[in-house]
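The values are calculated or read from the model by the stated rules, or taken from the named source; none is laboratory data. If you're wondering where the values come from, they're calculated on a predicted model, not measured in any experiment. Quick reminder, even Gly has a Cβ in these numbers, built from the backbone with ideal geometry, and neighbours come from all protein chains shown. Heads up: the accessible areas ignore ligands, DNA and RNA and are worked out on the full protein's heavy atoms, side chains in. Shrake-Rupley method; radii C 1.70, N 1.55, O 1.52, S 1.80 Å.
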Amino acid sequence: MIIFKKAANLASWLEKQRSAGQSIGFVPTMGALHEGHISLIAISKANTALTVCSIFVNPTQFNDPIDYQKYPVTLDQDIPMLEKAGVDILFLPDVAEMYPDGTKSLETYELGPLETFLEGKYRPGHFQGVCQVMRRLLEMVRPDHLFMGSKDYQQCMVVQRLLGIMGLPATLHRCPILREPDGLAMSSRNRRLTPPQRANATGIYRALTAMKTGFTVQPPPTLIENAIRLLEAAEFRVDYISLADALTLEPIPGPSPAGVVALIAAFQGDVRLIDNMVLSEPSIR
Ligand code: AMP
């Protein structure tokens with residue numbers, strides 16, 4: 001595995017590979033790696049000649065400065081994990097490399113309604129930050145294929161929109177959510193949970209599966225009320241629970257058999273967790 005810290009060196013090395021006809025897969029991360037990240041790398045390796053992974057904790061996407069300060073950094077463990085997973089290139093920039101003109105007055109992106117609900121509503125500015133870092137990374141790596149996790153369902157939609165805004169031909173692959181044996185979605189933030197919080201945290205998965213089970217027989221408001229009760233019993237403070245159209249993320253107005261996703265964001269202590277589950281696949285529209 002070759003490690004690059006400078007974007008110019010990365011870009012010129014990749015340009016040579018591109019000219020030699022190698023296809024490039026890209027897995028952007030913020031590190032503190034777990035098997036969920038490694039699953040994206042495995043999918044990239046199965047579909048492309050070269051896999052580039054980046055680790056960069058992007059300051060501009062944290063609406064909460066404490067969350068940024070407490071974001072786990074575990075490079076000593078991450079690098080051997082990436083070597084073992086067979087990553088070809090690790091890009092490890094610092095903040096000055098990504099934002100040479102600073103982070104104060106950055107460009108903004110027209111994201112439409114996506115920015116007004118769910119993560120967009122509860123984390124103001126978050127998706128602007130995601131676009132700011134992703135635009136820079138995409139310009140540096142210029143991947144043919146981009147591999148991202150459907151755990152960050154709305155983020156995938158935002159990045160798809162960004163690819164359109166940038167006019168980039170890269171294909172975005174939305175990859176499955178990897179879970180712990182008790183159903184908790186793997187996340188770098190899980191490391192911050194105390195043992196009792198970790199035991200409670202599976203409540204999100206239980207709430208999602210309860211919604212999936214009840215989906216065909218109960219109306220959305222009842223499903224959501226039951227899920228709130230379940231989360232509160234597990235000591236969660238709920239940001240949102242939404243039953244939404246899987247293609248637009250607009251809340252569904254009533255019973256809707258096809259194309260529904262349930263999404264949850266909730267705090268266990270000061271750790272904010274998100275997860276989602278597709279309740280019914282979209283029909284072809
Ligand atoms: P992060 O390091 O949290 O920014 O995540 C980097 C990438 O890994 C994003 O595309 C995430 O959606 C994806 N990811 C995070 N958790 C999981 C998971 N449990 N299963 C699959 N992909 C994940």
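Just to make sure I understand: if all protein chains stay in place, what is the order of Met157, Met134 by accessible area at 1.4 Å, largest first?
So the residues, ranked largest to smallest area, are Met157, Met134.
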Counting only DSSP beta bridges with both partners in the chain, the antiparallel fraction in percent, to the nearest 5, comes to 50 percent
In nm, spacing of pseudo-spin labels at Thr209 and Ala233 (7 Å Cα→C-beta vector): 1.4 nm
Cα-centred dipole magnitude for the chain, charges only on beta-carbon of K, R (+1) and D, E (-1), debye, nearest 20: 260 debye
Give the calculated FRET efficiency between Ile2 and Val73 to the nearest 0.05, with a Förster radius of 30 Å applied to their Cβ-Cβ distance. 0.90
Expressed in µm² per second, the diffusion coefficient of the chain from the Stokes-Einstein equation, with Rh the Kirkwood radius over alpha carbon pairs, at 25 °C and 0.890 mPa s, is 124 µm²/s
If the reach is capped at under 30 angstrom between alpha carbons, list the lysines near Lys151, excluding any in the same chain fewer than eight residues apart. Lys5, Lys6, Lys45, Lys70, Lys84, Lys104, Lys121, Lys212
Please provide three numbers in whole Å: the alpha-carbon extents of the stretch 1-154 along the principal axes, with the largest listed first. 42, 29, 27
I'd like the distance between the alpha-carbon centres of the stretch 32-72 and the stretch 174-240, rounded to an integer number of Å. 22 Å
Check which residues have an amide H placed less than 5 Å from His173's amide H, if you skip close sequence neighbours. Leu146, Phe147, Met148
Filter the trypsin sites (Lys or Arg not before Pro) in the stretch 119-212 to those in DSSP coil with at most 13 other Cβ atoms within 10 Å of their Cβ, and list the result. none
Excluding ligands, DNA and RNA, what is the solvent-accessible area per residue of the stretch 2-175 at a probe of 1.4 Å, expressed in Å²? 44 Å²
Table column - 3J(HN,Hα) (Hz), the stretch 95-111, Karplus curve with 6.51, -1.76, 1.60, x for Gly and Pro: 4, 5, 5, 7, 10, x, 9, x, 10, 7, 10, 9, 5, 10, 10, 8, 9
Per principal axis, largest first, the Cα atoms of the stretch 162-285 extend in Å by 45, 37, 24
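How large, in percent, is the carbon and sulfur part of the accessible surface of the chain at a probe radius of 1.4 Å?
Solvent-exposed carbon and sulfur of the chain make up 55 percent of the total.
Give the longest segment of the chain that steers clear of GluC sites (Glu not before Pro) in DSSP loops with at most 12 neighbouring Cβ atoms within 10 Å, not counting the sites themselves.
In short, 111-285.
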